[in-house]
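Beneath this line is the structure, given in structure tokens, with notes to follow.
The values are calculated or read from the model by the stated rules, or taken from the named source; none is laboratory data. The structure presented is a predicted model; accordingly, all values stated were derived computationally and were not measured. Note that we place each Cβ from the backbone using ideal geometry, even for glycine, and neighbour counts take in every protein chain shown. Side chains are part of the model used for accessible areas, which takes the heavy atoms of the whole protein and leaves out ligands, DNA and RNA. Shrake-Rupley method; radii C 1.70, N 1.55, O 1.52, S 1.80 Å.
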Amino acid sequence: LNLDQNVRFLGMRSDIPDLLVCIDVAVLSSKKEGLPLCILEAMATGKPVVATRVGGIPSVVRPGETGMLVDSGDAPSMATALLTLLNDREQGNLMGINGRKLIEEHYDLKKSIAEYYSLYMNVQNLTHP
């Protein structure tokens, strides 16, 4: 397809944080999805996200706030959203800041561990009074 000037297939990587620093916008064009870790990772590094409106993605990619959503399979809308953020760096930067705040508030590792611990203790107390 003559994409070698613009696309690199990097294979398995262990340096994702270093790669995320180099991108301008994270893009995910899934047809079906839960809540993909790659979006959370991109948002944690302050990147805006363009993604499809499927699964749990709309719970974190909030249009105009942390990124932009498009319908699955709508390539023209995906391209338009991506170009919008690439051409308006200020808007993209603001969405990236908002996304990072959302991750820090709701997906902090220490907070998540504490919430799981509390859940497990409550279940244990219900099953073994």
Filter the stretch 1-29 for residues that are open to solvent by less than 70 Å² (accessible area, probe 1.4 Å) and closer than 16 Å to residue 79 by Cβ; the one that is modelled with the lowest pLDDT is 7
Sort out which residues of the stretch 12-31 are closer than 21 Å to residue 62 by Cβ and either among the hydrophobic types (A, V, I, L, M, F, W, C) or free of Cβ contacts under 8 Å to residues at least 24 places away in the same chain (or both), and write them in order of number. 20, 23, 25, 26, 27, 28
A careful count of residues in the stretch 76-129 that are part of a loop (DSSP other than H, G, I, E, B) and within 22 Å of residue 36 (Cβ to Cβ) gives 2
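Test of understanding: among 50, 60, 70, which residue is open to solvent by less than 30 Å² (accessible area, probe 1.4 Å) and more than 13 Å from residue 27 (Cβ to Cβ)?
Being open to solvent by less than 30 Å² (accessible area, probe 1.4 Å) and more than 13 Å from residue 27 (Cβ to Cβ) holds for just one of 50, 60, 70, which is 60.
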Name the residue that is farthest from the chain's Cα centre (by Cα), counting only residues in the stretch 97-116 that are more than 14 Å from residue 41 (Cα to Cα) and open to solvent by less than 90 Å² (accessible area, probe 1.4 Å). 114
For the stretch 32-45, check the following and say yes or no: at least one residue is open to solvent by less than 60 Å² (accessible area, probe 1.4 Å) and among the hydroxyl-bearing types (Ser, Thr, Tyr). yes
